[in-house]
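The values are calculated or read from the model by the stated rules, or taken from the named source; none is laboratory data. This is a predicted model, so every value here is computed, not measured. Ideal geometry is used to build each Cβ from the backbone, glycine not excepted, and the neighbour counts take in all protein chains shown.
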Amino acid sequence: MNAVVWRRRAGSVARFFLLLFLVTVAVFLLLDLIPGSPVDAILPPEATPEQRAAAAEQYGLNDPMWQRYLDWLGGILQGDFGRSFQTGLSVSDQILERAPVSIELAVLAMIVALAVSIPVGVWSAYRPGSVVDRVSTFMISATLATPAFVLGILLVYVFAVKLGWLPVLGWVPFSEDPAEHIKRLILPVLTLAAGECVLFTRLLKGDMMATLQQDHVLSARARGLPTRSILTRHSLRQSSFSLVTVSGVVIGRLIGGTVLVEAIFSLPGMGTMVITAIQSRDYIVVQAVVLLSAIVYLSMNTLVDLSYPLLDPRVRKVRTS
Amino acid sequence: MSTGTEPYVDDVVVDDAGQQESFLEVENLRVWFGTPRGMVRAVDGVDLQLRKGETLGVVGESGSGKSVLSRAIMKILAPNARVLDGSRIRLDGVDLATVNPKKNRHLWGVDLSMVFQDPMTSLTPVITVGKQLTETLRYHLDLDAKAARAEAVRLLRLVGIPEPEKRFDQYPHELSGGMRQRVTIALAISCSPKLLIADEPTTALDVTVQHQILNLLRDLQASSGMSMILITHDLGVVAGRTDNIAVMYAGRVVEMAPTRRLFSHMRHPYTRALIDAIPKLDHPSHTRLASIPGRPPTIVDPPPGCSFAARCPSAQDRCTKETPTLVTTPDSERHSAACFFPLGTPEGDVARRRNIEAGVTAAGTPVLSGVTV
């Protein structure tokens, strides 16, 4: 690791913080951009002017904007996202309660998607036209044409309603009943993973096919190396740029946006929380979730950025020249 | 090299040939490729023999089938390639078609090994040079990590890489082209192959480095006694470094002879054209470089006739109707050519003179002014 590499990494991190600042400003402004005063959002329409003044005072709405921003940011840095306008409950507590559900869903879906798409993508690229390739191509087209909510409902219908193998809906915490917990996770995770799996397989297959046509693969074959080593060590790593890039975006998207799937399977994650918040105009909750999603996105992208030199040593050099 | 008292007299070599078995024998090798336009006959009936410790040069233009020939021997043909029935490749008496690469995983890469044309692309970019060497060594020779490392460093030193311990941990992109080709050679010889195929090993390198690499190959061969096939489009490369030369055109061997004999008594007009295309030092400056008119054909469903006829200054009616086969020349058993009107024979001279006088060949190609009998 030389100085140039470290300088570039420092650059990535600096960009991360700059973007983070811009994101917080944008999210903060959400409240002010809502038509009317935030007070309209907090209080019912029939509130008296005195009530409105009291609310504005209580939430610090009379302070200048920069001061409100700093107060808000300071609170967030201490883990305080404020209190819900509607219920008066701490938003942080709500998030802490619900985030693990969404994160578990997203991470499991990601693992399933990668576990399926990497072998399938590699093999389809290695043997185009083989059974694996043709079946996967068919599944890709079929899944692409099926929106997640349709797939989810279909899965519920087949496995839960018709076959009765799995429970239909709902959530059981792991601490209460691990087996039941996993059973109830299977369908939502599959629904989430299907779409991403398709995307990953296509990306990987394309990159992999390009790599396999390169001379060094031929040269490795001529050395008599086993196919397994040629496909993994000599090809997979340098073929996974797109896959890693998209994985970063996808995991961000999954954590912040499992809304549909959580709604279909009535899971108590952040998605259902956001839906409830939007319906009840509880903007401070929305604000917190949007901010968290943005932070996850940014972090994932920065991690992806930092991972390129690990994937291909040539990147370490090319970018500096 | 043969050990005759007069090594350059063909008769002595012939006697030797009788005693020594061929190490590599290629018989009627046909490799066709399925394409949307039809079956392309990349290699269409090639016969070759190579004895232990000898070097065979395979020469021809781009597209003459040289690389496909080498890949067929290495069993690394593209998936759309078809090796036709009746093709036979024997190494040390073993028919390679009957050897299953899965069961006998230590034949390709160990007994048979290959150096590729472009060192810039033939090393895996994401693995260090040392790792690539140790991976091969450990897989084929079952060395432990420490022994493999020591052997890899030894090999890097053997192929003339300075500071091998330092290079060991570097990635291919950190080395120059010449250094990379040295690494690919180290990889190719790492398991002491009995036959090394070098497919245009110097084409991608600059001239000074070319010379070093060719000398390196020659020295390695001399010290290890391996056989070698040197594939090139440059007759200058094979001139001083091979025992025999096979000239390929359109998927076939059109002439095969001991190196010296080929240069002094070439029979096939194509060989002559290739040799004439080498710029000579004693040419006055600004002499127009000799070239062969036209391009080699892509062979989908070839009509009968010699595939070189359209570009050949000696072409006669017969050449466009019948396909010549490779036959031994009367004056040397080890010299064969596929031509109805070979150079240096009465028929050949008559044919060529007739074309020069007419100014056009039987195939309708104008005869260029530089062509002589």
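Just the residues that are more than 20 Å from A:Ile278 (Cβ to Cβ), touching a helix residue (DSSP H, G or I) at 6+ places or on another chain (Cβ under 7 Å) and surrounded by fewer than 19 Cβ atoms within 10 Å (Cβ to Cβ), please, taken from segment A:79-113.
Answer for segment A:79-113, where residues must be more than 20 Å from A:Ile278 (Cβ to Cβ), touching a helix residue (DSSP H, G or I) at 6+ places or on another chain (Cβ under 7 Å) and surrounded by fewer than 19 Cβ atoms within 10 Å (Cβ to Cβ): A:Gly79, A:Asp80, A:Ile103, A:Val112.
Within segment A:290-308, identify whether any single residue is part of a loop (DSSP other than H, G, I, E, B), within 14 Å of another protein chain (Cβ to nearest Cβ) and in contact (Cβ under 8 Å) with a residue 24 or more places away in the chain, and answer yes or no.
No.
Here are some residues: A:Phe174, A:Phe138. Which one is surrounded by fewer than 20 Cβ atoms within 10 Å (Cβ to Cβ), modelled with pLDDT of 85 or more and not β-branched (Val, Ile, Thr)?
Step by step, each of A:Phe174, A:Phe138 is checked, and only A:Phe138 is surrounded by fewer than 20 Cβ atoms within 10 Å (Cβ to Cβ), modelled with pLDDT of 85 or more and not β-branched (Val, Ile, Thr).
Just for helices (runs of 4 or more DSSP H) wholly inside segment B:259-325: which have at least 2 residues that are touching a Ser or Thr at 6+ places or on another chain (Cβ under 7 Å) and at pLDDT 80 or above?
Because the criterion is at least 2 residues that are touching a Ser or Thr at 6+ places or on another chain (Cβ under 7 Å) and at pLDDT 80 or above, the helices (runs of 4 or more DSSP H) in segment B:259-325 that meet it are B:259-264.
Quick one: how many residues across segment B:177-213 are of a type in the set (Lys, Arg) and in contact with a Pro (Cβ under 9 Å, 6 or more places away or on another chain)?
2
Quick test of your reading of the structure: B:Leu69 fulfils all but one of (1) touching a strand residue (DSSP E or B) at 6+ places or on another chain (Cβ under 6 Å); (2) more than 13 Å from chain A (Cβ to nearest Cβ); (3) at pLDDT below 90. Name the failing condition by number.
(3)
For segment B:77-92, does any single residue satisfy the condition of being in contact with a strand residue (DSSP E or B) (Cβ under 6 Å, 6 or more places away or on another chain), among the hydrophobic types (A, V, I, L, M, F, W, C) and over 24 Å from A:Thr227 (Cα atoms)?
Yes, there is a match, as at least one residue in segment B:77-92 is in contact with a strand residue (DSSP E or B) (Cβ under 6 Å, 6 or more places away or on another chain), among the hydrophobic types (A, V, I, L, M, F, W, C) and over 24 Å from A:Thr227 (Cα atoms).
Hey, any hits in segment A:81-103 for a residue that's out of contact with any Phe, Trp or Tyr (no Cβ under 9 Å at 6 or more places or on another chain), outside any helix (DSSP H, G or I) and without any contact (Cβ under 8 Å) to a residue 40 or more places away in the chain?
yes
Working carefully through the options B:Pro164, B:Pro125, B:Pro119, find the one that is touching a Phe, Trp or Tyr at 6+ places or on another chain (Cβ under 9 Å) and farther than 12 Å from B:Ser190 by Cα.
Just a single option satisfies the conditions, and that option is B:Pro125.
Testing A:Thr201 on (1) facing another protein chain (nearest Cβ under 10 Å); (2) β-branched (Val, Ile, Thr); (3) surrounded by 20 or more Cβ atoms within 10 Å (Cβ to Cβ), one condition comes back false. Which one is that?
(1)
Which of the residues that make up segment A:120-133 are among the polar types (S, T, N, Q) and part of a helix (DSSP H, G or I)?
A:Ser124
When the residues of segment B:210-252 are filtered to those that are of a type in the set (D, E, K, R) and touching an Asp or Glu at 6+ places or on another chain (Cβ under 6 Å), which remaining residue is surrounded by the most Cβ atoms within 10 Å (Cβ to Cβ)?
B:Arg252
Could you list, in sequence order, all residues of segment A:252-283 that are part of a helix (DSSP H, G or I), in contact (Cβ under 8 Å) with a residue 12 or more places away in the chain and within 30 Å of A:Pro45 (Cβ to Cβ)?
Taking segment A:252-283 as the starting set, the residues that turn out to be part of a helix (DSSP H, G or I) are A:252-256, A:259-264, A:270-279, A:283.
After this cut, where a residue has to be in contact (Cβ under 8 Å) with a residue 12 or more places away in the chain as well, the list is A:252-256, A:259-264, A:270-275, A:277, A:283.
Scanning segment A:252-283 gives A:Val259, A:Ala263, A:Met270, A:Gly271, A:Thr272, A:Met273, A:Val274, A:Ile275, A:Ala277, A:Tyr283.
For every residue, the table says whether it meets (1) outside any helix (DSSP H, G or I); (2) at pLDDT 85 or above; (3) within 25 Å of the chain's Cα centre (by Cα).
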site: A:Val4; (1), (2), (3): no, no, no
site: A:Ser12; (1), (2), (3): no, no, yes
site: A:Phe16; (1), (2), (3): no, yes, yes
site: A:Thr24; (1), (2), (3): no, yes, yes
site: A:Ala41; (1), (2), (3): no, no, no
site: A:Ala53; (1), (2), (3): no, no, no
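Can you find even one residue in segment B:2-11 that is out of contact with any helix residue (DSSP H, G or I) (no Cβ under 7 Å at 6 or more places or on another chain), surrounded by fewer than 20 Cβ atoms within 10 Å (Cβ to Cβ), modelled with pLDDT under 90 and under 24 Å from B:Pro324 (Cβ atoms)?
no
Residues checked against (1) within 23 Å of B:Leu187 (Cβ to Cβ); (2) in contact with a Ser or Thr (Cβ under 8 Å, 6 or more places away or on another chain); (3) in the same structural domain as A:Arg127 (by TED's automatic domain parsing); (4) modelled with pLDDT of 85 or more:
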residue: A:His216; (1), (2), (3), (4): yes, yes, yes, yes
residue: A:Ile230; (1), (2), (3), (4): yes, no, yes, yes
residue: A:Arg233; (1), (2), (3), (4): yes, yes, yes, yes
residue: A:Ile255; (1), (2), (3), (4): no, yes, yes, no
residue: A:Ser280; (1), (2), (3), (4): no, no, yes, no
residue: A:Ser299; (1), (2), (3), (4): no, no, yes, yes
residue: A:Thr320; (1), (2), (3), (4): no, no, no, no
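Counting only residues that are hydroxyl-bearing (Ser, Thr, Tyr), within 11 Å of chain B (Cβ to nearest Cβ) and touching a Phe, Trp or Tyr at 6+ places or on another chain (Cβ under 8 Å), how many does segment A:221-262 have?
Residues in segment A:221-262 being hydroxyl-bearing (Ser, Thr, Tyr), within 11 Å of chain B (Cβ to nearest Cβ) and touching a Phe, Trp or Tyr at 6+ places or on another chain (Cβ under 8 Å): 2 in total.
Only one of (1) modelled with pLDDT of 85 or more; (2) farther than 20 Å from A:Ala26 by Cβ; (3) out of contact with any Ser or Thr (no Cβ under 6 Å at 6 or more places or on another chain) fails for A:Leu105. Which number is that?
The single condition A:Leu105 does not satisfy is (3).
From the list A:Val286, A:Val249, which residue is more than 30 Å from B:Cys191 (Cα to Cα), crowded, with 17+ Cβ neighbours inside 10 Å and either in the same structural domain as A:Ala210 (by TED's automatic domain parsing) or in contact (Cβ under 8 Å) with a residue 60 or more places away in the chain (or both)? Step through it out loud before you land on a result.
Numbers: A:Val249 fails: crowded, with 17+ Cβ neighbours inside 10 Å.
Exactly one of A:Val286, A:Val249 is more than 30 Å from B:Cys191 (Cα to Cα), crowded, with 17+ Cβ neighbours inside 10 Å and either in the same structural domain as A:Ala210 (by TED's automatic domain parsing) or in contact (Cβ under 8 Å) with a residue 60 or more places away in the chain (or both), namely A:Val286.
Wholly within segment B:95-209, which helices (runs of 4 or more DSSP H) include no fewer than the required count, namely at least 1 residues that are touching a His at 6+ places or on another chain (Cβ under 6 Å), surrounded by 16 or more Cβ atoms within 10 Å (Cβ to Cβ) and within 11 Å of chain A (Cβ to nearest Cβ)?
Once the helices (runs of 4 or more DSSP H) in segment B:95-209 are filtered for at least 1 residues that are touching a His at 6+ places or on another chain (Cβ under 6 Å), surrounded by 16 or more Cβ atoms within 10 Å (Cβ to Cβ) and within 11 Å of chain A (Cβ to nearest Cβ), what remains is B:129-141.
Quick one: is A:Ser117 out of contact with any Cys (no Cβ under 8 Å at 6 or more places or on another chain), outside any loop (DSSP other than H, G, I, E, B) and either modelled with pLDDT of 85 or more or surrounded by 14 or more Cβ atoms within 10 Å (Cβ to Cβ) (or both)?
no
Conditions: (1) of a type outside the set (D, E, K, R); (2) farther than 25 Å from A:Leu306 by Cβ; (3) touching a residue at least 40 places away in the same chain (Cβ under 8 Å); (4) part of a helix (DSSP H, G or I). A:Ala106 meets all but one. Number of the miss?
For A:Ala106, the exception is condition (2).
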